[in-house]
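J.: Have a look at this one.
The values are calculated or read from the model by the stated rules, or taken from the named source; none is laboratory data. Quick caveat: nothing in here was measured; it's all calculated off a predicted structure. All Cβ positions, glycine included, derive from the backbone under ideal geometry; neighbour counts span all protein chains shown.
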Amino acid sequence: MFTQLEMAPADPILGLEEAFKKDPNPRKVNLGVGVYKDESGSTPIFEAVKKAEQIILAQEKTKNYLPINGSPEYAKAVQNLVLGADTPILSAGRATTVHTPGGTGGLRVAADFLKKVKPDAKVWISSPTWPNHPNIFRTAGLAVETYPYYDSAANRLGFETMLNAIQQIPNGDVLLLHGSCHNPTGSDPTPAQWAQIAEVVTARKLLPLIDFAYQGLGEGLRQDAAGVEILAAAAPELLIASSFSKNFGLYNERVGALTLVAENTTAASAALSHLKICVRVNYSNPPAHGANIVTTILQTPELQADWQAEVATMCQRIQQMRRLFVQGLAAEGVQRDFSFIESQHGMFSYTGLNKEQVKTLREQYSIYMVETGGRINVAGMTPANIPVISKAIAAVCNPA
Ligand SMILES: Cc1ncc(COP(=O)(O)O)c(C=O)c1O
């Protein structure tokens, strides 16, 4: 059976990573891969995580299975973080949370759940989006459609076009939105635009599914939740897939969650019973360690303060790199206006560099970025490599 198999297509971003590793140039720069890097180019373990792990190691008494949906303490901590502790949704018991292996696990549980309870609903994803989105929903058997999102000519969110398009989505379909730090473009709706999206969502009776993989990396933990809060206040039902890979640096612990908001407690409990079946047939119950870390940090005021400060440092570093990059390009005499990079959020930016320019940067300057949209990971930049990157971009943008 297996001798008949042809190779499946390789992941384009991981292919870029391979090429980067093989490149012997000592001045090579990797702006492709989607992990946070500090100024020294490493992806460190948070101090708060290390401290939480010490507490867990000293206190844990069993490795017994967790409940199918994870621990109630974790669910509560996630809900407070995502929806805001004071929201009436929580006091009314309208939310339920399933602990999942990463944000990807949360999206896949959402997909299986939707296929089970709303098999004919289509899932509408932004164009462009994280390349795993369509695959996750199609693999679960759901139909996927796209709505326009980015205005490449203006280098910003094409909000009017987006809003017009989502107004045409049939009642009852699922609208997938990025909670903050849109991957790959870095362009997010403003709070006022979120309010307009919420109006359409409620008028058209759409089910919002928010992919919340970068809370805290755009403008701050609560600021980045503005869209979630606005939609949650307006829409009777919604789903939120959280990832703690980036904002706790827990990439390989696989920790995330799917939070479902229903009209009332009874509906939330019924939905949870279906979510649990989706988990049970998939991976049975979640891995404990990452969620123990998140719960310990969020439940311990001192650790929570440490963690918040660490997330703020990451966020500020990304914002600073955006500023320095725009300044660096101007200093190298790049004529094209790249100032839009400063108003984008999170780790990613669509630079608007074309395929040829991206290829030249890789082949002649050992600067690696994703071909589509010239997407860069801003966190791959440092004050030391920005002049190198800027010079190379100047050379490809202003050819002699
Ligand atoms: C938009 C988006 N959603 C979800 C994920 C998945 O996160 P996780 O690694 O927690 O599965 C990512 C990770 O890159 C992402 O960029």
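J.: Of all residues in region 127-153, which are within 16 Å of the ligand (Cβ to nearest atom), in contact with a strand residue (DSSP E or B) (Cβ under 8 Å, 6 or more places away or on another chain) and touching a residue at least 40 places away in the same chain (Cβ under 8 Å)?
T.: Pro128, Thr129, Trp130, His133, Tyr150
J.: Now for a different question. If you take the residues of region 349-400 that are closer than 22 Å to Gly186 by Cα and among the hydroxyl-bearing types (Ser, Thr, Tyr), which of them is farthest from the chain's Cα centre (by Cα)?
T.: In this case the residue turns out to be Ser390.
J.: Among the residues of region 81-97, how many are buried (at least 20 other Cβ atoms within 10 Å of the Cβ) and either within 16 Å of the ligand (Cβ to nearest atom) or among the acidic types (Asp, Glu) (or both)?
T.: Count: 3.
J.: Just to be sure, is Tyr36 closer than 18 Å to Arg254 by Cα, of a type outside the set (Asp, Glu) and in the same structural domain as Met347 (by TED's automatic domain parsing)? So that I can check it myself, show each step before the final result.
T.: Numbers: closer than 18 Å to Arg254 by Cα: yes; of a type outside the set (Asp, Glu): yes; in the same structural domain as Met347 (by TED's automatic domain parsing): yes.
Taking the combined requirement at face value, the residue satisfies it.
J.: Could you check region 308-342 and list, in sequence order, the residues that are among the acidic types (Asp, Glu) and over 28 Å from Val49 (Cβ atoms)?
T.: Going residue by residue through region 308-342, those that are among the acidic types (Asp, Glu) are 310, 332, 337, 342.
Within region 308-342, Glu332, Asp337, Glu342 qualify.
J.: Here's a follow-up. Filter region 221-233 for residues that are away from the ligand (no atom under 16 Å from the Cβ) and buried (at least 17 other Cβ atoms within 10 Å of the Cβ); which is farthest from Asn264 (Cα to Cα)? Before the answer, list the steps.
T.: The first filter runs over region 221-233 and keeps only residues away from the ligand (no atom under 16 Å from the Cβ), leaving 221-223, 226, 229-233.
Checking the rest, the ones that are also buried (at least 17 other Cβ atoms within 10 Å of the Cβ) come to 221, 226, 229-232.
Details: Leu221: 27, Ala226: 22, Glu229: 17, Ile230: 18, Leu231: 16, Ala232: 13 Å.
Looking at residues that are away from the ligand (no atom under 16 Å from the Cβ) and buried (at least 17 other Cβ atoms within 10 Å of the Cβ), I get Leu221.
J.: Then there is this: Would you confirm whether any residue within region 157-174 is modelled with pLDDT under 95, closer than 28 Å to Met369 by Cβ, part of a loop (DSSP other than H, G, I, E, B) and in the same structural domain as Val294 (by TED's automatic domain parsing)?
T.: Just the residues of region 157-174 that are modelled with pLDDT under 95, to begin with: none.
No, the conditions are met nowhere in region 157-174.
J.: While we're on this one: So, Gly346, is that one under 19 Å from the mean Cα position of the chain (by Cα) and part of a loop (DSSP other than H, G, I, E, B) or not?
T.: Working: under 19 Å from the mean Cα position of the chain (by Cα): yes; part of a loop (DSSP other than H, G, I, E, B): yes.
Criteria met by Gly346.
J.: Next question. Would you mention how many residues in region 98-126 are in a loop (DSSP other than H, G, I, E, B) and within 12 Å of the ligand (Cβ to nearest atom)? Show your work before the answer.
T.: Kept after step one, since they are in a loop (DSSP other than H, G, I, E, B), are these residues of region 98-126: 101, 118-121.
Filter once more, so that each one left must be within 12 Å of the ligand (Cβ to nearest atom): 101.
Adding up the residues that qualify gives 1.
J.: Kindly list the number of the only condition in (1) assigned to a helix (DSSP H, G or I); (2) more than 14 Å from Val33 (Cα to Cα) that fails for Pro383.
T.: Every listed condition holds for Pro383 apart from (1).
J.: Of Asp211, Asp188, which residue is within 17 Å of the chain's Cα centre (by Cα), charged (D, E, K, R), outside the structural domain of Gln316 (by TED's automatic domain parsing) and under 30 Å from Asn292 (Cα atoms)?
T.: Numbers: Asp188 fails: under 30 Å from Asn292 (Cα atoms).
Answer to the check: Asp211.
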